[in-house]
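Scroll down for the structure; my scribbles are underneath it.
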Amino acid sequence: MTISLETKVPMLHEFHSYLYQPEWRYTESKEKDKQVLEDFPTISLEFRNLAEVYQDVITDVCRKMGVGMAEYLEKKVNSVQDWDKYCHYVAGLVGIGLSRLFSASELEDPIVGQDVELANSMGLFLQKTNIIRDYLQDQLEGREFWPREVWSRYAKKLSDLAKPENADMAVQCLNELITNALHHVPDVLKYLSRLKNQSVFNFCAIPQIYQKIPSTDPSSNKTQQIIASVRTMSLPSSTIVSRNHYSPIYLSCAMLLAALSWQYLSAMSKTSEEYIQASEN
């Protein structure tokens, strides 16, 4: 983290208001996504060009997310309940906001935006798979998002699970976290079953199943073949016609993802990449 808490906490609390300040930008970040803050006037200009109904959704989600992220800058994820709450702030709110945009645009039925619990569960599933997968990277960068309530049953320190001699306990801990995440799958399927617009469906469904597969993965070729096969079989037999044509919803979606925070730009495209390899074992 390259921005001090003294600076970042109030910034997160006020982040939603910066969307209405044409000249606001922040140039002292050294994070990889710093361009978002440095070029924020471009983002805020596009935001202010949106219809008021979209602005209201984005501002509301930004405000709630900023408060939540500030809260977890100053405390750790201890209980499973904390884990759910953290994932709600950084991902569930994104799912809720996007769902409200889909409905506001009339690309989807009102129920998609109204069912907050279902949209939140979609976001929690994505974020939990990201957190589970990113264990080692987070450890190397000094971050911990696995709930202490779970990992403390298997190790004295979370970092101990990376040691070869603790492999059995690490797998048991991993299994418990994966089982927790899998409880969201019925909600994911129910949410996707409500979507009628093909572009919206693709936008929501692909992050749930697909992650860039590194060429260094020994099962990369086989995994790519399986995914290609699944995608081919899942194509509709006929074109799904949108009920109306509107300005591209992706502008609103991109605006939401960018404006919410610089820490979440790529989170929607992340899912677990170890599933195929695990199934082979």
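The values are calculated or read from the model by the stated rules, or taken from the named source; none is laboratory data. No experiment lies behind these values; they were computed from the predicted model shown. A quick note on method: Cβ atoms are made from the backbone with ideal geometry, for glycine too, and the neighbour counts reach across all protein chains shown.
Worth pointing out:
- The condition (being over 25 Å from Phe145 (Cα atoms), in a helix (DSSP H, G or I) and under 17 Å from the mean Cα position of the chain (by Cα)) is satisfied by just one residue among Ser44, Ser103, Ser99: Ser99.
- Test: residue in segment 34-41 that is touching a residue at least 24 places away in the same chain (Cβ under 8 Å), loosely packed, with under 15 Cβ neighbours inside 10 Å and out of contact with any strand residue (DSSP E or B) (no Cβ under 8 Å at 6 or more places or on another chain): no
- Among the residues examined, Gly142 qualifies as surrounded by fewer than 23 Cβ atoms within 10 Å (Cβ to Cβ), small (Gly, Ala, Ser) and at positive phi.
- The requirement of being in a helix (DSSP H, G or I), surrounded by fewer than 21 Cβ atoms within 10 Å (Cβ to Cβ) and either under 16 Å from the mean Cα position of the chain (by Cα) or not small (Gly, Ala, Ser) (or both) is not satisfied by Ile131.
- Condition met for Ile213 (farther than 21 Å from Ser79 by Cβ, modelled with pLDDT under 90, of a type in the set (Val, Ile, Thr) and in a loop (DSSP other than H, G, I, E, B)): yes
- Candidate set: segment 132-160, residues that are at pLDDT below 95 and of a type in the set (A, V, I, L, M); chosen: the one nearest to Val77 (Cα to Cα): Ile132
- Some residue of segment 82-90 being of a type in the set (Val, Ile, Thr) and modelled with pLDDT under 95: yes
- Test: residue in segment 57-73 that is surrounded by fewer than 17 Cβ atoms within 10 Å (Cβ to Cβ) and on the phi > 0 side of the Ramachandran plot: no
- First in segment 18-32 and modelled with pLDDT of 90 or more, second anywhere and among the basic types (Lys, Arg) and not in a loop (DSSP other than H, G, I, E, B), Cβ under 9 Å, 6 or more apart: Leu19/Arg48; Tyr20/Arg48; Pro22/Arg48; Tyr26/Lys34; Thr27/Lys34
- Looking only at residues in segment 69-93 that are part of a helix (DSSP H, G or I) and over 20 Å from Asn180 (Cβ atoms), the one that is nearest to the chain's Cα centre (by Cα) is Met69.
- Filtered by the rule that a residue be surrounded by fewer than 14 Cβ atoms within 10 Å (Cβ to Cβ), within 22 Å of the chain's Cα centre (by Cα), assigned to a helix (DSSP H, G or I) and not β-branched (Val, Ile, Thr), segment 163-191 gives Asn175, Leu182, Pro186, Leu189, Lys190.
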